[in-house]
Amino acid sequence: MDLKSKIRNIPDFPKKGIVFRDISTLLQDKEAFNHAVDRLAERYLDKKIDMVAAIESRGFIFGGALADRMDAGFVPVRKLGKLPYETVKKDYTLEYGYATLEMHKDAIEAGQRVLIVDDLIATGGTLLATCGLVEKVGGTVAGIAVLIELSFLKGREKFSKYDFHSIIQYESE
Ligand code: AMP
């Protein structure tokens, strides 16, 4: 199945010069959604994944489905101030300024094997901060899986020491 054709491209959103890759059109097609989850899962089914950690908010859609498919637990990684219990925090850089991601400090046990999931990698800052959170509590990053990779931004280079996997690549905006 050509998953790329299921993604809607919105030029100049949220600002001029950015082409927003809208996954809602893929999600509303049950065969495409199911196939996307299959493709993300297949590489990790025999990798003894204990936990899937996914990033708010579009990462949750794939992360939840993957955790169920892989018989693993699910860990939400959220923006600052959303999680109710004690957390670990990691700052990361955005185009202008920085933001903070949080995870519950008891979400992952030391030594557990964690698959990190998001919908899309651009610069990789969000995923790198998530790797930092998992490792801060003693988890092992067993893989990083994204549906969409904006290859021209070379975010993948930040993850040379990890197993990094994307399903759909864009070579230019
Ligand atoms: P980054 O930290 O630069 O890798 O940014 C990744 C995050 O920003 C992901 O959670 C994406 O959902 C979102 N994002 C960045 N660029 C785009 C884009 N062109 N289309 C859709 N989402 C994007």
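Every number here is computed from the coordinates shown, using simple stated rules; none is lab data. Computed from a predicted model, the values in this text were never measured in an experiment. Don't worry about glycine lacking a Cβ; one is built from the backbone with ideal geometry, like all the others, and counts go over all protein chains shown.
If the limit is 27 Å between Cα atoms, which of K105/K161; K47/K82; K4/K158; K48/K82; K15/K154 go over it? Intermediate values should be presented prior to the final figure.
On the way: K105/K161 24 Å; K47/K82 31 Å; K4/K158 24 Å; K48/K82 30 Å; K15/K154 21 Å.
Cα-Cα > 27 Å for K47/K82; K48/K82; rest within.
What FRET efficiency comes out for the pair T140/F20, r = Cβ-Cβ distance, R0 = 22 Å, nearest 0.05?
Taking R0 as 22 Å, the efficiency between T140 and F20 is 0.10.
Within segment 50-141, list the chymotrypsin sites (Phe, Trp or Tyr not before Pro) lying in a DSSP loop whose Cβ has at most 12 other Cβ atoms in a 10 Å radius. Each step should come with its number before you reach the end.
Working: sites: F60, F62, F74, Y85, Y92, Y96, Y98; in loops: Y85, Y96.
Sparse-neighbourhood loop chymotrypsin sites (Phe, Trp or Tyr not before Pro): Y85, Y96.
If the convex hull of the alpha-carbon atoms of the chain is projected onto planes in all directions, what is the mean projected area in square nanometres? Can you show the working numbers first?
Numbers: hull surface 39.1 nm².
Computed as one quarter of the Cα hull surface, the answer is 9.8 nm².
Any idea what the dipole of segment 47-170 comes to, in debye rounded to 20, about its Cα centre with Lys/Arg Cβ at +1 and Asp/Glu Cβ at -1? Mind showing how you got there, number by number?
Values: 16 positive and 16 negative charges, 32 e Å.
For this selection, approximately 160 debye.
Compute for segment 120-159: radius of gyration divided by Kirkwood radius, i.e. Rg/Rh, restricted to C-alpha atoms, rounded to two decimals.
Details: Rg = 10.5 Å, Rh = 10.6 Å.
Taking Rg over the Kirkwood Rh, I get 0.99.
Using +1 at the C-beta of Lys and Arg and -1 at the C-beta of Asp and Glu, which of T140, Y85, F62 has the Cα lying farthest in the positive direction of the dipole of the chain?
It is Y85.
Could you work out [θ]222 nm for the chain from helices alone, using -39500 (n - 2.57) per DSSP H run of at least four and dividing by all its residues? Round to the nearest 500 deg cm²/dmol. Before the final figure, lay out the partial values.
Details: 4 runs with 41 residues, N = 173.
Using -39500 (n - 2.57) per qualifying helix, the result is -7000 deg cm²/dmol.
Using only the Cα atoms of segment 102-173, what semi-axes does the equivalent ellipsoid have when each is the square root of 5 times a gyration tensor eigenvalue? Give whole Å, largest first. Numbers along the way, then the final one.
On the way: eigenvalues 115, 23, 19 Å².
Semi-axis lengths for segment 102-173 are 24, 11, 10 Å.
What number, in percent, do you get for the relative contact order of the chain if the mean sequence gap of Cα pairs under 8 Å and at least 6 apart is divided by its residue count? Write down the numbers at each step before the final one.
Details: 336 pairs, mean separation 30.3, N = 173.
The normalised contact order for the chain reaches 18 percent.
Any idea how far the Cα center of segment 139-163 sits from the one of segment 68-86, in Å?
Value for the Cα centre distance between the two parts: 20 Å.
State the extension gain, in nm to one decimal, for the chain segment bounded by D163 and D106, taking 0.36 nm per residue of separation less the distance between their alpha-carbons. Write out the running numbers ahead of the final one.
Working: separation 57, 0.36 × 57 = 20.52 nm, distance 2.43 nm.
Taking 0.36 nm per residue and subtracting the Cα distance, the gain is 18.1 nm.
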